[in-house]
1. In whole angstrom, and with the biggest value first, how far do the Cα coordinates of the range 138-218 range along each principal axis?
2. Please give the net charge around residue 264, taking every other residue with its beta carbon less than 11 angstrom from that of residue 264, where Lys and Arg add +1 and Asp and Glu add -1.
3. Among 232, 248, rank each residue by its count of other Cβ atoms within 10 Å, from fewest to most, as a rough exposure measure.
4. Based on the mean of other beta carbon atoms within 10 Å per residue, what is the order of 190-196, 109-115, 136-142, most packed first?
5. Round to the nearest 10 and give me the degree value, 0 to 90, for the angle of helix 49-58's Cα axis relative to the longest principal axis of the chain.
6. Sorting check: for 144-155, 307-318, which peptide has the highest mean count of neighbouring beta carbons within 10 Å, and how do the rest follow?
7. Can you compute the radius of gyration and Dmax for the range 3-86, using only the Cα atoms, both in Å?
8. Among 14, 217, rank each residue by its count of other Cβ atoms within 10 Å, from fewest to most, as a rough exposure measure.
Amino acid sequence: MTLVEYYRTFAEVEARGVSPIYEAWALGVAADPEVLTLLKTLPGLKAQANLVFAAARWRGCPLGEYEEFRRWLLANWSITRATVLARSTQTNEAGRCAVLLPELASIDGPIALLEVGASAGLCLYPDRYSYRYEQSGIVTVLDPVAGASPVVLRCVASDGTPLPERLPEVVWRAGIDTHPIDIGDAAEENWLEMFIWPGQPERLPTLRNAAAIATAEPPLLVEGDLLDSLHSAIGLAPTDATLVIFHSAALVYLAPDRRSSFVDAVRRTGFTWLSNEGGSVFPEITAQIPASMNRGGRFILSRNGVAVALSGPHGQSLERVPR
Ligand SMILES: C[S@@+](CC[C@H](N)C(=O)[O-])C[C@H]1O[C@@H](n2cnc3c(N)ncnc32)[C@H](O)[C@@H]1O
């Protein structure tokens, strides 16, 4: 896919109906040879709209019309480029717990969670959040044992999609990341806030409230590559709990051969493996989605390599894959 096609697809599939400003910026970029020339100097996934737009905003780019964005970007390209190169896409969306929960709740506990590509680790607290699943006009309410959480995750589930009946008992939570985010650090949290798209104000309180939960009981975050550090992190897990290794919007950042090596490594461990990734990440899992399902820009949730559902990229929807 060319950069023009990528930005147009981002606008039309991911941002449309979600973030009018990002839609306009991405459409503007796709039709702007001068800006595209700059973006082409960025290696690989560094030209991702999510990262470029976040870096520009972090450096002070105002939210407004495309013309204003392009003027600002052309004038501030060197600092934006430096930020893009120094940092990475670190969206940490607690909402993704809503699509992981049906699988997590079905596993005999207590469970130990190891997330690879964890960012600040906000997806490691599925037992601390409240859930509201809307299915066929009925809302299923799930709250932590201790009572309703300040983080309330809403998810629309299609008919027939199995919903969890309880929250899991999580006794250990750890993550691996090349750049773990210290959520207690205001500048780092501010970087995470740049991945909340304009037009999605409801995601900000979720991030801040989830950050408060994580700050009160920080997860164990191992700094390192998710493949190189996998075995040492597993070695830290308690042996009297069921270990679940999972990832969400993370394996896309690995080269295909590293992804395959990760899959081989995780399968060899014999532990439960949950994957919540875009459709391009594991073609063999994507191939299991029936042609009758319109995948759109949705992620694929799989368990031990078997596709179980299509999921909204930020955890906003869930549709079971029929068997
Ligand atoms: C888009 S964020 C997703 C965070 C979290 N999984 C979620 O769903 O909210 C991807 C994370 O993966 C991390 N990452 C990317 N490549 C990695 C690698 N090779 N090893 C460890 N972490 C990596 C990034 O630093 C980033 O924090």
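No lab work stands behind these numbers, since they all come straight from the coordinates. Keep in mind the model is a prediction, meaning the values are calculated, not measured. Please note: Cβ atoms are built from the backbone with ideal geometry, for glycine as well, and neighbour counts cover all protein chains shown.
1. Over the range 138-218, Cα extents along the principal axes are 41, 35, 25 Å.
2. Residues near residue 264 contribute +3 overall.
3. 232, 248
4. 109-115, 190-196, 136-142
5. 70
6. 307-318, 144-155
7. My reading of the Cα-based Rg and Dmax gives 11.4, 31 Å.
8. Listing 14, 217 from fewest to most nearby Cβ atoms yields 217, 14.
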